[in-house]
């Protein structure tokens, strides 16, 4: 069997990087992108089996270049993983800056759409492939003071369901993963912003997030990668249009 050809966005760190390394470990050929030039360079130097380039997924021309170079390097495309996203502003809707709103939606939602659109053309033509989008529990329950992020993640679920219906007859599967609170630098920044906005300590905010999950724990990038690996593998061959929640069972937000 030929190695899988995998393209992963925002894979210089966090969930994207863990997912990329796990695909490489499984024998796949992996092409990554990231908007952080320094992080991308360091990742490619540290992990020479990874190929990649700089890309802001909210920019249509840059995404086109990503797919052109990525597909040329990989020799095709079997798996797309859309990890790119930003936390966006922390503010009530009544106080929300429109430019900050738009930036969050541009990266999280438009970026996912732009990548899905090009992958749909390639995979639809070849009659096979798997797309995994990253949504969030914020896209299931909402998230006070994080309206643009929650809105984008909610919309990704709709995009996933619709694309699964469009591409299913062509043999292409489309799913999304909804992580809960994921350990790491991004969550640390979210906690700090929430603490500053509400006047609570960072420990109080962290404890609040932990208490929203029945398992009373954050999830890890490895937890999310494990699910992505399954969905992209032959073991997930009959799974499409699904929202897989990896969150320790969120009770409230």
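The values are calculated or read from the model by the stated rules, or taken from the named source; none is laboratory data. All figures in this text were calculated on a predicted structure; none of them were measured in a lab. Neighbour counts are summed over all protein chains in view; Cβ atoms, including those assigned to glycine, are modelled from backbone coordinates with ideal geometry.
Structure notes:
- Only one of the numbered conditions (1) under 20 Å from residue 6 (Cβ atoms); (2) outside the structural domain of residue 69 (by TED's automatic domain parsing) is not met by residue 212, and that is (1).
- The lone criterion from (1) more than 20 Å from residue 108 (Cα to Cα); (2) assigned by TED's automatic domain parsing to the domain that holds residue 89; (3) more than 18 Å from the chain's Cα centre (by Cα) left unmet by residue 232 is number (3).
- Test result for residue 239, in a loop (DSSP other than H, G, I, E, B), in the same structural domain as residue 86 (by TED's automatic domain parsing) and either surrounded by fewer than 17 Cβ atoms within 10 Å (Cβ to Cβ) or in contact with a strand residue (DSSP E or B) (Cβ under 7 Å, 6 or more places away or on another chain) (or both): yes
- Residues of segment 64-73 that are surrounded by fewer than 24 Cβ atoms within 10 Å (Cβ to Cβ) and under 15 Å from residue 131 (Cβ atoms): 67, 71.
- In segment 119-136, the residues that are without any contact (Cβ under 8 Å) to a residue 60 or more places away in the chain, closer than 15 Å to residue 238 by Cα and buried (at least 24 other Cβ atoms within 10 Å of the Cβ): 129, 131
- For the residues 7, 54, the requirement of being in contact with a helix residue (DSSP H, G or I) (Cβ under 6 Å, 6 or more places away or on another chain), closer than 20 Å to residue 120 by Cβ and at pLDDT 95 or above singles out 7.
- Candidates 243, 202, 194, filtered to the one that is touching a residue at least 40 places away in the same chain (Cβ under 8 Å), in contact with a helix residue (DSSP H, G or I) (Cβ under 9 Å, 6 or more places away or on another chain) and farther than 30 Å from residue 78 by Cα: 194
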